[in-house]
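Since the structure comes first, as structure tokens, the remarks are kept for the end.
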Amino acid sequence: MRYPAVPLAAALVAGAALGVAGSAPPAAVAAALVLGYSLSLLSWRAGVAPAVAAAAALTAAASGYALASTAARAATHTQLRAALRVAGGPGAVSDAPGPPVTLIGTLLADASPGESGVVLSMRVRQAALEGRAYDADGGVLLAVSGSGDPGRVEEWRSGRTVALAAHLRRPSRYLNPGARDDEYALALRGVTLVGTVKSALLVQVAARGHPPAEWAAAFRSRIRRVIDRLVGCYSVRSAAIVRAILLGDRAGLDDETEERLRQAGTYHVIAISGGNIAVLAAVLMAAAKLAGLRPGPAYLAAAGLLAAYAFIVGNGASVARATQMAVLYLVARAADHRAKPYNAIAASAGLTCAADPLAVRDAGAWLTYGATVAILAGTPLLMARMRLAGRWGRLAGGLFAASLAAELALFPVSAYVFSQVTAAGLALNFLAIPLMSVVQVGGMLLLALDSVVPAVAAAVAWLTHAAAWGLVESARLVGVMSWAVRRVPAPGLLVLAAYYGAWAAWFAAGVLGAASTPRGRVGRTSRMAAAAVLAASGAWMVWAPRLLVGRPAQLEATVLDVGQGAAALMRFPSGDAILVDAGGAGGGRFDIGRRVVEPAVWAAGAHRISHLVATHGDGDHIGGAVSVARDLRPREIWEGVPVPPDPLVRELAAAAGLAGASWRTVQRGDRVRFGEADVVVWNPTPPAWERQRVRNDDSIVVEVRFRRVALLFAGDAEAAAEAEVAPLLEPAGVRVLFAAHHGSATSSTWPLLRAASPALVVVSAGRGNRYGHPHPAVLDRYRAIGAAVLRTDLDGAVSIRTDGSLVVATTFTGRRIVLGPRPAVPPVPPA
């Protein structure tokens, strides 16, 4: 067998993927292991090679399943959570920050400056609550408030033991159709809880790490100081790019730069992965050749230096994978110059899966191994068809072929994980990869020259800055080829299986022989069929035809779970879709528009929206609207009372212009009709003066009337605005009220409730929010008028469907309420 490691690694990874996705009785897994091992032994003794291979693959798959299912359970049922529940009761692990807990554990990475403080990744060993200590193993992600003393923060290095007081909570999660379970995803990455530390003074270094770790941390610190001093004097952004490429430290990069590189398809160059390691390996092999080393010792020396580099930069998951592949291949080449790279890749994947079976859920692993295999398999085939002459022609062709092979292999992964596909990298990689190489080599030279030849180091620093500047600025070219970047719904697993199955069939058909033979004719027909499936499945992922042609038979409204914010989608039988608000700020770099709102819109069946209603400029209502406007491209964006100085509204207006959306100011009495449905604006009234800040009572209040059913969206309107809206409401057979201001005590006043007489009230509020929404007094008012109440913090997303007479409300958690017309008798509040 030419590639003995491939089937075993594939079986191990497949078993691990099944083990993470589900669970099987331990007895069944044990039986499969015993059966596979027994069949392997019997087949080997009988000398039946295919049976040996099949039995070994069965054993590997069962092993992967057992490892992954065990690891997944350990990740989601941690000792830390159990200890907190024992100490503080069932509510000790909740969505709201709990009482301060003293944690003792090891830092997994150097402290990383963030927008709201310093981020610490920590493996807890012991927790103390109310004077009692507990063994409590588990990973946490903590934000230390404030900037902190730089000298103190410098002491928070990977491998050191720290003691601190933190307020812990569950990770944020959003219960919407089509949403991924972020809490589960974080648990599989080793983070069981998140939290805050109120001051850097509460973080104490209890013990240093072992000497190699301390040396590596000190060396990383020196690298940062040298880069910041020599490159940072030209540009802080350039210094951040150099740190990212050399150390994998992307903390200093701003959101705009990261987003620009993602859209350009060149973000991979600033994340230490296969490309960076390949450049470093090439530099090391060239140095070894110049030094006169024979191939065998040169391979071993390069492998050793690569391993040392991975240890110095922190040995993160992507670094470890890429380095492991390179080291295995170099060692194999040193032992046997005929070693095949596919065996090294398979062995690396198998070792990674055995050491960390949960890595099968890591998109970085898919990208690393997928890109490497695609480049190895696809580049020679594409180069053979190009027939380029000349050294530079072949070099350019090789770079294009490698980029194209990687894009064809990985764009479904990008669509599934990031909801984005881009072809811009095919052109921009011609600039990005050479510039990344210059930055990487230049950064290394800086470290060597800084204390030896400072004048030369300064010149190298300028060249490194220029390359980093060019790397980022070249991504601006995506602006003239915006057609090459597309936001897409995550494709289904069947579509992914069809795409990759077609590639497998295409390659398999290529070994059937010449086209003149019967086997060759079968191969040619099979390749044509595989190409058709490839084109169809690829087009399905890019254009999502099921969403382009679908329209609901009834009026549908979905109140999304966006935490402490608001967002509601309405879909009409006419095919139009309106989004009322677009969620709030998720914190830090979390883009709630792209991460939460857009996937929920797609899952509800809408490909794009026709109208975006920005009820008012508060961040908890339009925090995700800028991304939604860019990606879902509404025809119109509605604004109520203009607030010229507000930065978020200005940003939304700029995004509307780029998306080609018209900007409309609506006021009381404005009306739009979608088929049989009327959308009526009841608030605001024309302002008497120019607003300098956003006001809740200026919120757009909009009502949708469809036959005998009315849906009233109240924004953040408070008592004064509600009193003006109440006399305008007409009776309805069934009215659903989307509670104003998240159920605040200043809203949902009796004048509005008497006039609206809602049969159902939907409250959008965040789990464990610090405002206490919805207020108990407001809930009492809803109960007093006989309204059913659904809440996104308890029920997740709330979906409402109506034929104009009956209303059916269902929730993400499985609740279902059916409402018919109510008597037209206004409720009377208790005396």
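Quick look at the numbers
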{"quantity": "Qualifying residue in the stretch 788-797 (condition: open to solvent by less than 10 Å² (accessible area, probe 1.4 Å), within 38 Å of the chain's Cα centre (by Cα) and of a type in the set (G, A, S))", "calculated": "yes"}
{"quantity": "Hey, A654 small (G, A, S), open to solvent by 50 Å² or more (accessible area, probe 1.4 Å) and under 27 Å from the mean Cα position of the chain (by Cα) or not", "calculated": "yes"}
{"quantity": "Criterion violated by G575 - all others in (1) open to solvent by less than 10 Å² (accessible area, probe 1.4 Å); (2) without any contact (Cβ under 8 Å) to a residue 60 or more places away in the chain; (3) of a type outside the set (A, V, I, L, M); (4) over 18 Å from H773 (Cα atoms) satisfied", "calculated": "(1)"}
{"quantity": "Residues of the stretch 692-707 satisfying the condition of being assigned to a loop (DSSP other than H, G, I, E, B), open to solvent by less than 50 Å² (accessible area, probe 1.4 Å) and in contact with a Ser or Thr (Cβ under 8 Å, 6 or more places away or on another chain)", "calculated": "S699, I700"}
{"quantity": "Within the stretch 659-673, considering residues that are hydrophobic (A, V, I, L, M, F, W, C) and not in a helix (DSSP H, G or I), the one nearest to the chain's Cα centre (by Cα)", "calculated": "A661"}
{"quantity": "Residue in the stretch 535-544 that is among the β-branched types (V, I, T) and over 30 Å from L806 (Cβ atoms) present", "calculated": "yes"}
{"quantity": "Selected residue [at positive phi and either of a type outside the set (S, T, Y) or at pLDDT below 90 (or both)] from G248, G209, G232, G252", "calculated": "G248"}
{"quantity": "Looking only at the stretch 254-300, and only at residues there that are of a type outside the set (A, V, I, L, M) and in a loop (DSSP other than H, G, I, E, B), the one that is most open to solvent (accessible area, probe 1.4 Å)", "calculated": "R294"}
{"quantity": "Filter result for P552 (surrounded by 14 or more Cβ atoms within 10 Å (Cβ to Cβ), within 27 Å of the chain's Cα centre (by Cα) and part of a loop (DSSP other than H, G, I, E, B))", "calculated": "no"}
{"quantity": "Subset of the stretch 555-572 [in a loop (DSSP other than H, G, I, E, B) and open to solvent by 10 Å² or more (accessible area, probe 1.4 Å)]", "calculated": "G563, Q564, A566"}
{"quantity": "Y500 being buried (at least 19 other Cβ atoms within 10 Å of the Cβ) and either hydrophobic (A, V, I, L, M, F, W, C) or in a helix (DSSP H, G or I) (or both)", "calculated": "no"}
{"quantity": "Counted residues, the stretch 126-172 - those being part of a loop (DSSP other than H, G, I, E, B) and in contact (Cβ under 8 Å) with a residue 60 or more places away in the chain", "calculated": "4"}
{"quantity": "Pairs where the first residue, in the stretch 467-490, is without any contact (Cβ under 8 Å) to a residue 40 or more places away in the chain and the second is open to solvent by 20 Å² or more (accessible area, probe 1.4 Å) and among the hydrophobic types (A, V, I, L, M, F, W, C), C-beta under 8 Å, 6+ apart", "calculated": "A467/L435; A467/V438; G470/L431; G470/L435"}
{"quantity": "Search result, residues across the stretch 578-611 that are open to solvent by less than 20 Å² (accessible area, probe 1.4 Å), under 23 Å from V672 (Cα atoms) and in a loop (DSSP other than H, G, I, E, B)", "calculated": "D581, A582, G605, A606, I609, S610"}
{"quantity": "Residue that is nearest to L435 (Cα to Cα) [pool: residues in the stretch 240-254 that are touching a residue at least 60 places away in the same chain (Cβ under 8 Å) and of a type outside the set (A, V, I, L, M)]", "calculated": "G248"}
{"quantity": "Flag if G766 is surrounded by 21 or more Cβ atoms within 10 Å (Cβ to Cβ) and either in contact with a Gly (Cβ under 9 Å, 6 or more places away or on another chain) or aliphatic (A, V, I, L, M) (or both)", "calculated": "yes"}
{"quantity": "Residues within the stretch 770-784 that are open to solvent by less than 10 Å² (accessible area, probe 1.4 Å) and of a type in the set (A, V, I, L, M), tallied", "calculated": "1"}
{"quantity": "Boolean, V808 is touching a strand residue (DSSP E or B) at 6+ places or on another chain (Cβ under 7 Å), without any contact (Cβ under 8 Å) to a residue 12 or more places away in the chain and either open to solvent by 10 Å² or more (accessible area, probe 1.4 Å) or of a type in the set (G, A, S) (or both)", "calculated": "yes"}
{"quantity": "In the stretch 708-756, the residues that are surrounded by fewer than 23 Cβ atoms within 10 Å (Cβ to Cβ) and polar (S, T, N, Q)", "calculated": "S744, T746, T749"}
{"quantity": "Count of residues meeting criterion [outside any loop (DSSP other than H, G, I, E, B) and open to solvent by 40 Å² or more (accessible area, probe 1.4 Å)] in the stretch 418-434", "calculated": "6"}
{"quantity": "Pairs, first over 14 Å from A326 (Cβ atoms) and modelled with pLDDT under 90 in the stretch 291-312, second of a type outside the set (K, R) and open to solvent by 50 Å² or more (accessible area, probe 1.4 Å), C-beta under 6 Å, six or more apart", "calculated": "I312/F219"}
{"quantity": "Only one of A244, A251 that is touching a Ser or Thr at 6+ places or on another chain (Cβ under 6 Å) and either buried (at least 21 other Cβ atoms within 10 Å of the Cβ) or outside any helix (DSSP H, G or I) (or both)", "calculated": "A251"}
{"quantity": "For S348: the one exception among (1) in contact with a Ser or Thr (Cβ under 6 Å, 6 or more places away or on another chain); (2) hydroxyl-bearing (S, T, Y); (3) more than 27 Å from R157 (Cα to Cα)", "calculated": "(1)"}
{"quantity": "R220 being out of contact with any Cys (no Cβ under 9 Å at 6 or more places or on another chain), over 21 Å from R152 (Cβ atoms), crowded, with 16+ Cβ neighbours inside 10 Å and among the basic types (K, R)", "calculated": "no"}
{"quantity": "Which listed residue is touching a Cys at 6+ places or on another chain (Cβ under 8 Å), within 18 Å of G15 (Cα to Cα) and of a type in the set (A, V, I, L, M, F, W, C), from A359, A349, A363", "calculated": "A359"}
{"quantity": "Residue tally, condition assigned to a strand (DSSP E or B) and open to solvent by 30 Å² or more (accessible area, probe 1.4 Å), over the stretch 74-119", "calculated": "7"}
{"quantity": "Residues that are open to solvent by 40 Å² or more (accessible area, probe 1.4 Å) and at pLDDT 95 or above, drawn from the stretch 672-691", "calculated": "R673"}
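The values are calculated or read from the model by the stated rules, or taken from the named source; none is laboratory data. Fair warning: this is a prediction, and the values are worked out from it, not measured in the lab. Here the Cβ is made from the backbone with ideal geometry for all residues, glycine too, and neighbour counts use every protein chain on show. SASA here: full protein model, heavy atoms, side chains in, ligands and nucleic acids out. Shrake-Rupley method; radii C 1.70, N 1.55, O 1.52, S 1.80 Å.
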